Ligand code: B12
Ligand code: SF4
Ligand code: SF4
């Protein structure tokens, strides 16, 4: 028996996925060394990307933390919006889809790791999601989908099965950083460059794409809570311009988490993702009085 792209999409949907798209390998031709799909799965022909939306009721826990001082609710984001459920769900579904493809076609299929609590980062999932037509890069460097803005997480399956690629996203603009800039303004650690300043320039499927220069070291101060200001027990980092070595040392100093499955909690921020207006933010959070919002510059 043989299956086609529609069968795979229907299977992904039956596994609870909100989004599924397919790219060929050519669109990812400019990947970093070692990250091209064919360097992970020799003979790879198709890159399947699945996506799960993050629940409004989970994102609103971030608003309670950022707007009402309820840091104790951040665990909801950690469990249901980040490392535990979405990552595990995506991990299981990537595995199921890979098995489905191998069982039905005999082609090889490799599920990739989705993020914290799974092992390693083989491929750039963000770039793969854009190549598969699920959305576009927002200025903050996350993938915005028309349906959910950045409030989705993705998983990738590589396969030697040849599938027809989906068109890349051509719909209405989802991000206008010149007028918006909410992500840069919201970021508490100053990790995101301002529109017009230093930024990344990449090419996917021949399309030029620009997004902000993200200082991962600064982002990790917020995400891991490496200072008291960001929910840390201690000031594990004492400089506002940390190097990777400073971050590595700081994380090593942190006690092993006793409250969750992660060795060190990494759900302390997510502010850029929570406040981005793309994906009908107003309808989901402003009209429902779940958030006061942050005004554009
Ligand atoms: C590690 C990691 C982190 C670390 C980063 C630490 C570090 N020093 O790298 C930390 C903890 C800080 C982090 C933070 C966040 N993360 Co994170 N993270 C990852 C993870 C697991 C790996 C990133 C990685 O190393 N990728 C490998 C490198 C090679 O890829 P890259 O950085 O994406 O791309 C670079 C190059 O490939 C290059 N490039 C240049 N030209 C080209 C051309 C092509 C064609 C390609 C392919 C690439 C490419 O461009 C990039 C910049 O150098 C990814 C999952 C994944 N595998 O992608 C999630 C992921 C990027 N994270 C995600 C999220 C949601 C977050 C947070 C919001 C979490 C939070 N704090 O709440 C923040 C986002 C902040 C922001 N504005 O971006 C999601 C994004 C979903 C989306 N909507 O886009 C991902 C995709 C996980 C998932 N399964 O969905 N993250
Ligand atoms: S997750 Fe937080 S610290 Fe990291 S870029 Fe987004 S707002 Fe900034
Ligand atoms: S907050 Fe505004 S500028 Fe930033 S990614 Fe979202 S839409 Fe773009």
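The values are calculated or read from the model by the stated rules, or taken from the named source; none is laboratory data. Quantities reported herein were computed from a predicted structural model and do not represent experimental measurements. For neighbour counting, all protein chains shown are included, and Cβ atoms are generated from backbone atoms with ideal geometry for every residue, glycine included.
Among the residues making up the range 11-25, those that are surrounded by 12 or more Cβ atoms within 10 Å (Cβ to Cβ) and either modelled with pLDDT under 95 or in a helix (DSSP H, G or I) (or both) are 11, 12, 13. If the condition is being at pLDDT 95 or above, more than 14 Å from ligand 2 (Cβ to nearest atom) and part of a loop (DSSP other than H, G, I, E, B), then the range 261-292 contributes 277, 278, 279, 280, 287, 288, 289, 290, 291, 292. Under the condition of being within 11 Å of ligand 1 (Cβ to nearest atom) and either surrounded by fewer than 24 Cβ atoms within 10 Å (Cβ to Cβ) or under 16 Å from residue 157 (Cβ atoms) (or both), the residues counted in the range 89-130 number 22. Here the range 201-233 is the region considered, the condition is being under 24 Å from residue 73 (Cβ atoms) and assigned to a loop (DSSP other than H, G, I, E, B), and the residue that is farthest from ligand 3 (Cβ to nearest atom) is 233.
Within the range 244-252, can one find any residue that is touching a residue at least 24 places away in the same chain (Cβ under 8 Å), within 21 Å of residue 267 (Cα to Cα), within 12 Å of ligand 2 (Cβ to nearest atom) and surrounded by 15 or more Cβ atoms within 10 Å (Cβ to Cβ)? No; the residues of the range 244-252 include none that is touching a residue at least 24 places away in the same chain (Cβ under 8 Å), within 21 Å of residue 267 (Cα to Cα), within 12 Å of ligand 2 (Cβ to nearest atom) and surrounded by 15 or more Cβ atoms within 10 Å (Cβ to Cβ).
Per the listing 141, 190, 196, the residue uniquely over 27 Å from residue 82 (Cβ atoms) and surrounded by fewer than 24 Cβ atoms within 10 Å (Cβ to Cβ) is 196. Quick one: what pairs do we get from the range 271-282, first residue within 15 Å of residue 141 (Cα to Cα), second more than 9 Å from ligand 3 (Cβ to nearest atom) and not in a helix (DSSP H, G or I), C-beta under 7 Å, 6+ apart or different chains? Filtered contacts from the range 271-282: 271/187; 271/188; 272/187; 273/151; 275/293.
The condition of being under 19 Å from residue 102 (Cβ atoms), surrounded by fewer than 18 Cβ atoms within 10 Å (Cβ to Cβ) and at pLDDT below 95 does not hold for residue 40. Of all residues in the range 177-191, those that are within 19 Å of residue 238 (Cα to Cα) have Cβ atoms under 9 Å from Cβ atoms of residues that are in a loop (DSSP other than H, G, I, E, B) and within 6 Å of ligand 2 (Cβ to nearest atom), 6 or more apart or on another chain, in 187/269; 188/269; 189/269.
Per the listing 106, 78, 133, the residue uniquely farther than 30 Å from residue 221 by Cβ and modelled with pLDDT under 95 is 106.
For the range 159-170, indicate whether the set of residues that are buried (at least 16 other Cβ atoms within 10 Å of the Cβ), within 19 Å of the chain's Cα centre (by Cα) and more than 7 Å from ligand 1 (Cβ to nearest atom) is non-empty. Yes: the range 159-170 contains one or more residues that are buried (at least 16 other Cβ atoms within 10 Å of the Cβ), within 19 Å of the chain's Cα centre (by Cα) and more than 7 Å from ligand 1 (Cβ to nearest atom). Being assigned to a loop (DSSP other than H, G, I, E, B) and over 20 Å from the mean Cα position of the chain (by Cα) is the requirement here; does residue 190 meet it? Here the answer is no, as residue 190 does not meet what is asked. Scanning the range 166-192 for residues that are within 13 Å of ligand 2 (Cβ to nearest atom) and closer than 19 Å to residue 127 by Cα gives a single hit, 192. No other residue among 219, 212 is within 11 Å of ligand 1 (Cβ to nearest atom), closer than 22 Å to residue 267 by Cβ and out of contact with any strand residue (DSSP E or B) (no Cβ under 6 Å at 6 or more places or on another chain) apart from 219. Evaluation of residue 205 against the conditions (1) surrounded by fewer than 20 Cβ atoms within 10 Å (Cβ to Cβ); (2) modelled with pLDDT of 95 or more; (3) within 13 Å of ligand 1 (Cβ to nearest atom); (4) over 23 Å from residue 262 (Cα atoms) shows that the sole unmet condition is (2).
Under the condition of being closer than 24 Å to residue 184 by Cβ and assigned to a helix (DSSP H, G or I), the residues counted in the range 93-142 number 5.
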